[in-house]
Number of protein chains: 2
Amino acid sequence: MMKYENQDDGDAGLHESQDEMESLPLDEPSVVSGGATPTPGREPTGRTTFYTYLITMRTNIQGFGGSEFIVRRRFRDVVALSERLSETHRGFFVPVRPDKSVVESQMMQSEQFVEQRRAQVEKYLNKLAAHPVIRRSEELRAFLITRGRVLQLPKSVDVSPKQPSVVAAEGRTGGDLMRMFKELRQSVVNDWGRVKPLVVEEDKEFLERKEWLLEFEQQLSNLSQQAEALVKAQQDIGETMGELGLAFVKLTKFETDEAVFNSQRVRAADMKNVATAAVKSGRLYRELNSQTVKHLDKLHDYLGVMLAANTAFSDRSSALLTVQTLSTELTSLKSRIEKLEAASSKIFGGDRSRMRKIEELKETVRLTEDAKSSAVREYEGIKEHNRSELERLDKERHDDFMCMLRAFVLNQAGYAEKMANVWEKLTEETGEYAREGKSVNF
Amino acid sequence: MMKYENQDDGDAGLHESQDEMESLPLDEPSVVSGGATPTPGREPTGRTTFYTYLITMRTNIQGFGGSEFIVRRRFRDVVALSERLSETHRGFFVPVRPDKSVVESQMMQSEQFVEQRRAQVEKYLNKLAAHPVIRRSEELRAFLITRGRVLQLPKSVDVSPKQPSVVAAEGRTGGDLMRMFKELRQSVVNDWGRVKPLVVEEDKEFLERKEWLLEFEQQLSNLSQQAEALVKAQQDIGETMGELGLAFVKLTKFETDEAVFNSQRVRAADMKNVATAAVKSGRLYRELNSQTVKHLDKLHDYLGVMLAANTAFSDRSSALLTVQTLSTELTSLKSRIEKLEAASSKIFGGDRSRMRKIEELKETVRLTEDAKSSAVREYEGIKEHNRSELERLDKERHDDFMCMLRAFVLNQAGYAEKMANVWEKLTEETGEYAREGKSVNF
């Protein structure tokens, strides 16, 4: 729950009265992005205003050292958290963060924009809190419990080996850039298929799953388009039914004003009942629709999950590319050593400079091999994350879909029943309809 | 009932087997424009094709000399009938005939066009047959019972005095044209209000009714626009619900094909039930809509009645204008006679040529007075027709509207109930929904 406040951002205090409790499964931290603050403040950088959001978190996870925390965070903190999580949780389906809207600056004034962003942030944090691994991460913990406005996410938590050894092997000569070029070359070679890379993705099951997910994404996209069309149609019918009702109301008023006989007044009253029923029915359609929007929104969530999955698969590909690049490099280093040794063996007593070069190269081989092992571990880790995430997705997807369908069906049934009641009540109430035996055959 | 036939138009015989009986109130001729013939024939005039419609009429009106008649008529016969009725039934709300579509020649080939016209003709004839005066008219009788293809509507029936005396009074010097100019002048004088016409519309009740009808027409027009919007929205929701169902069907198929565990198959089956329900619900919406179209079509009928009423009021205005013109003319004639007599009285023994002129003018006055009485009778007749028609409209409008509303309400109630059943049955059938205790709170 979030509410707007008119207090200064400097006071990032608690506001106990305004938060409502939510019961969530107890083994998850329940994050409630509560008590929103569109509190314009002035930053040292001179940018005029920014907004902070009051976030309330409840958890029974032991590591948090408490069960309820309330902090203030800006949207840029959310962006930073999301970036850190992407770095430290390669291979996981890291929930996609809300867009940094391009119209932000123009919209900043608008309460609507702030409320929209608040809702997005709340949804995003709850997705993180629902993730079995991320919810226990140091990054999320730091985000949720660190007091104060300036938030420094822990650097030390980054234990992913992400080519530290490669950087070491390359020394200080723009190693990262060099590696990037090498990986790019390797990637081009792979793509053109001229040289078979030394390491290839051979996990058939994974490749099948990936293929399956691609197709599932298309199904989802189709379904979500249809769902949007339904939402639009339901909105339209709600509005037109309401307007038809109002047209009947006008006609009724006109007829009543002009009524001479009592029977005319009775009939005008009957017509008014129809008008009221149409207006009610229109309202029910609009209510139904706002519920439908909620239920079918799960489809959009899953399109987001597909995006996260694609990122996780990209992590895997790029980790594999690193392994491939290091393998190619090792092969090339070893072949250079062989050539130097062969050349050197022809010279009796050896060639001092060649011998030194060979030693240097062997040292580079050792470092590169370390880097490669590290890269292989990283790759294997990502593979394992991919696997566990796919398994989790399989299960959750089924539950979520059944849940969504259940809600959708109950909602349709409930409102259809309500609408039937509106009209049926009318047929009972309006004696005119029941008694008049006139043929409907016109 | 009408059916298409592939027989030559020359044989305008009976086709007993193809007509279905309709029960209609017995004091009206029941016209069934049955057994349509889009039978292309060649006319002497060289126009390539035309279509005739087989019309079956049942009546218990004595004047018809029978109870069932079957004839073939072309659309131009309908046009001719409509023109004759407008002439002979001035002041009545003569039902408006179907449009002579401009795209006729291009469309002539299309079965759709012929069927549309057939339906319009049937509807039109039934409106004529439902009119308390027109249904007993010689014109309708001749149209419905005269055998053979060439239809000559009776000329002798035209007993309306429509300025025959005026024509006589004007002699043979382009009298009609003269009268038209005179009426036009009179009309301009009336409009500019410079000279108060000798006869004015003083029937306050009529003027109020006319005013009322104008406002009612606006109400109708508003209502009919909203009704069309509802029809469009209902069609849209029917189609999108159907398409959403199909998207679920596809997803179900995809899930079933990929299902590994039995539980997955059960869930896919559950999803299929939802898909089926959505498809069914879509179909119900479309059925509901085709019924709604029928019910709200009454609004369009009444817009047609408004048109007929306007024509009837114009008949009255133009009849009044004729009376006014003739009155002005009489005044002018009498003033000329007075002047001539005054001039002539100054001459002893009288002026032979002046005396002859006076005699001629007096004869013209007599003829014009006859014409005026005739025009007044015509005007009074039209007034009476207007009055009785307004009274009839008042009663029928209420009945028809209540009937329409009743049908509309019953239809909405019925389909809302059916849709509720579709979804509720699903919630009962699908154990998954009932049993699974998972929160719907996503």
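Nothing in this text is a laboratory measurement; each read-out follows from the coordinates by a stated rule. All values derive from a computational prediction rather than experimental measurement. Counting neighbours? That spans all protein chains shown, and the Cβs are built from the backbone with ideal geometry, glycine included.
The smallest convex shape that holds all Cα atoms of region A:204-306, its convex hull, gives 72 Å³ per residue. Peptide packing for A:339-346, B:78-85 was compared via the average number of neighbouring C-beta atoms within 10 Å per residue; ordered from the highest value, the list is B:78-85, A:339-346. Counting Cβ atoms of other protein chains within 10 Å of each residue's Cβ and taking the mean over peptide A:226-235 gives 6. Taking the label point 7 Å along Cα→Cβ, A:A343 and its counterparts in the other copies are spaced 14.3 nm apart, in ascending order. The same position A:E429 in the other copies lies at 3.4 nm from this copy, comparing label points 7 Å beyond Cα toward the beta-carbon, shortest first.
With the convex hull of the Cα atoms taken as the outline of region A:325-389, the averaged projected area works out to 4.5 nm².
Summary for B:Q218: label point 7 Å along Cα→Cβ; distances to the equivalent points in the other copies, ascending, 5.7 nm. Peptide B:238-251 shows a mean partner chain C-beta count of 5 within 10 Å per residue C-beta. Peptide A:215-222 has a mean of 3 when you count, residue by residue, the C-beta atoms of other protein chains within 10 Å of its C-beta.
Test of understanding: what is the full-extension gain from A:D399 to A:S345, defined as 0.36 nm times their sequence separation minus their Cα-Cα distance? Please list the in-between numbers first.
Details: separation 54, 0.36 × 54 = 19.44 nm, distance 6.86 nm.
Here the answer is 12.6 nm.
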